[in-house]
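The values are calculated or read from the model by the stated rules, or taken from the named source; none is laboratory data. Everything quoted here is computed from the prediction, not taken from an experiment. No Cβ is skipped: glycine too gets one built from the backbone with ideal geometry, and neighbour counts run over all protein chains shown. Remember, those area values only see protein heavy atoms, side chains included, never the ligands or the DNA or RNA. Shrake-Rupley method; radii C 1.70, N 1.55, O 1.52, S 1.80 Å.
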Amino acid sequence: MASGKSTLGQHFATQHGLTFIDTDRRIVAKHGTIPSIFATQGEHGFREIEAREVAAVLSAADEPSVVSLGGGAILDTGTQQLLESCVVVFLDADLETVRPRIVRDTGRPLLAGDAVERWQEMSRRRRPTYLKLADHVLVTRGKSQQDLVEELSAMLEERLTP
């Protein structure tokens, strides 16, 4: 959460002429804001919507695309199975990188209360799954968006060349 997936994904896709899909944006467009979904359906309801949206996006991809998943999407075992056929990049962000983003953003229901403490706990719990699913790990600490796009392009060079 707050690692920069959407921003980096959009920049990378634009630079390489790829389609960019943000599953959180698709959920919001179809179902309303994420906080309102959490308020009316709880986290479980949101995760069900999220899993269906991710499955629809990954199943329909008929050309190389960049897909940004919500940070908790990987909690779903069906999503984990679908990701086995994808190139997965884990954006490894530390607290100092995400702190400015999470303390000013009140639209993240899972960070209600002490956002920093909640982020650290989620990161600790989710990290092993992120690492297990990742084909590539991109460390974001102290790097600009352009540096990250260049590093990711180098990581994926053989896949980007027709």
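Quick one: length gained pulling residue 65 to residue 96 fully straight, 0.36 nm per residue minus the C-alpha distance? Spell out each step's value before the answer.
Working: separation 31, 0.36 × 31 = 11.16 nm, distance 2.96 nm.
Value of the extension gain: 8.2 nm.
At a 1.4 Å probe radius, carbon and sulfur cover how many percent of the accessible area of segment 88-162?
Details: 2230 of 4570 Å².
Answer for segment 88-162 is 49 percent, counting heavy atoms of protein chains only.
So if I take the centroid of the Cα atoms in segment 15-44 and the same for segment 59-81, what is the distance between those two points in Å?
13 Å
Explain nothing, just the number: dipole magnitude of the chain about its Cα centre with +1 on each Lys and Arg Cβ and -1 on each Asp and Glu Cβ, in debye rounded to the nearest 20.
Magnitude of the dipole: close to 480 debye.
Using only the heavy atoms of the protein chains and a 1.4 Å probe, how would 126, 159, 99 rank by accessible area, largest first? All intermediate terms of the calculation are to be shown ahead of the outcome.
Values: 126 10, 159 145, 99 85 Å².
Descending accessible area places them as 159, 99, 126.
Cross-link partners among lysines for residue 132, C-alpha distance below 19 Å, same-chain residues fewer than 8 apart left out?
5
Mind checking the per residue accessible area of the chain for me, 1.4 Å probe, whole number of Å²?
That works out to 56 Å² for each residue.
Given a 1.4 Å probe and heavy atoms of the protein chains only, how would you sort 140, 161, 129, largest accessible area at the top? List each step's numbers first, then the result.
On the way: 140 5, 161 90, 129 35 Å².
The ordering from most to least exposed comes out as 161, 129, 140.
Ignoring everything except DSSP H segments at least 4 long, calculate the 222 nm mean residue ellipticity for the chain; use -39,500 (n - 2.57) per segment, divide by total residues, nearest 500.
-19000 deg cm²/dmol
Hey, any idea what % of segment 26-69's accessible area is carbon plus sulfur with a 1.4 Å probe? If you can, show how the numbers build up before the last one.
Values: 1350 of 2420 Å².
Summing carbon and sulfur atoms, their accessible area is 56 percent of the total for segment 26-69.
Name the residue, out of 104, 47, 127, whose mean-square fluctuation peaks in a Gaussian network model built on the chain with Cα pairs under 10 Å.
104
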